[in-house]
1. Going through segment 24-51 one residue at a time, which ones are at pLDDT 95 or above, under 15 Å from PHE76 (Cβ atoms) and in a loop (DSSP other than H, G, I, E, B)?
2. Suppose we filter segment 1-37 for residues that are surrounded by fewer than 16 Cβ atoms within 10 Å (Cβ to Cβ) and under 16 Å from TYR102 (Cα atoms); how many remain?
3. Count, please, the residues in segment 100-151 that happen to be in a loop (DSSP other than H, G, I, E, B), over 23 Å from ARG38 (Cβ atoms) and not hydroxyl-bearing (Ser, Thr, Tyr).
4. If I ask for residues that are modelled with pLDDT of 90 or more and touching a helix residue (DSSP H, G or I) at 6+ places or on another chain (Cβ under 7 Å), which ones from segment 103-120 would you list?
5. Of the residues that sit in segment 88-127 and are among the β-branched types (Val, Ile, Thr) and surrounded by 19 or more Cβ atoms within 10 Å (Cβ to Cβ), which one is nearest to HIS47 (Cα to Cα)?
6. Among residues belonging to segment 10-23 that are outside any helix (DSSP H, G or I) and charged (D, E, K, R), point out the one that is farthest from ILE113 (Cα to Cα).
7. Could you grab me the full set of residues in segment 60-97 that are among the polar types (S, T, N, Q), at pLDDT below 95 and more than 19 Å from HIS136 (Cβ to Cβ)?
8. Looking only at segment 128-141, count how many residues are surrounded by fewer than 16 Cβ atoms within 10 Å (Cβ to Cβ) and over 15 Å from the mean Cα position of the chain (by Cα).
Amino acid sequence: MRLFASPPEIIHVADRKEINTYDWKLKDANWDFFNFQRSKGKVVFVHFWASWNTPSAAELKGIQTLYDAYSDKVDFYIVTNEEREPVEEFMEKNKYTFPVTYRIVGADAPFEIPKVQGTYIIDKNGAIVVDSKGTHDWDSDRVTQLLESLF
């Protein structure tokens, strides 16, 4: 599937809100619990998706490219609330290598959890720089320039 989408809008500096906590419990691909607290003070990319949702799944190709380029400088959270088996099948079929994070339904989060898809980019100080609820091109010059400016 081809994705025809624009880059996300970047929130103007004066309008950025800071997350008020990093206390968010999640599970990694091995089903081990961890806390979002480990990303405090880092640039963070959080994307919510579902394998059954065509637009959110289509964004993952660009996110994989972004992950390949910035995984050493950005903490990536590619978050789903699906069960492991369909997610693992989807990842293998599409040859994605970014780490999948599993959301614990009902656990408090530092920002609004979208119903299906949505993305946040958070700077080192905890300010939300991007708050996107639609389908976007994450492998765009605008996104790479933004990330470069946040280091």
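The values are calculated or read from the model by the stated rules, or taken from the named source; none is laboratory data. This structure is a prediction, so every number in the text was calculated from the model and none was measured. Here the Cβ positions follow ideal geometry from the backbone for every residue, glycine too, while neighbour counts run over all protein chains shown.
1. Hit for segment 24-51 is LYS42, nothing else.
2. Qualifying residue count, segment 1-37: 11.
3. Just the residues of segment 100-151 that are in a loop (DSSP other than H, G, I, E, B), to begin with: 104-117, 123-126, 133-140, 151.
Narrowing the set further to residues that are over 23 Å from ARG38 (Cβ atoms) leaves 115-117, 133-137, 139-140.
Now drop any that are not not hydroxyl-bearing (Ser, Thr, Tyr), which leaves 115-117, 133-134, 136-137, 139.
The number of residues fulfilling the criteria is 8.
4. Correct list: empty.
5. Kept after step one, since they are among the β-branched types (Val, Ile, Thr), are these residues of segment 88-127: 97, 100-101, 104-105, 113, 116, 119, 121-122.
Narrowing the set further to residues that are surrounded by 19 or more Cβ atoms within 10 Å (Cβ to Cβ) leaves 100-101, 119, 121-122.
Values: VAL100: 10, THR101: 10, THR119: 4, ILE121: 9, ILE122: 11 Å.
Looking at the filtered set, the residue picked out is THR119.
6. Top of the filtered list is ARG16.
7. Across segment 60-97, the qualifying residue is only ASN81.
8. Filtering segment 128-141 for residues surrounded by fewer than 16 Cβ atoms within 10 Å (Cβ to Cβ) gives 133-134, 141.
From what is left, the residues that are over 15 Å from the mean Cα position of the chain (by Cα) are 141.
Result for segment 128-141: 1.
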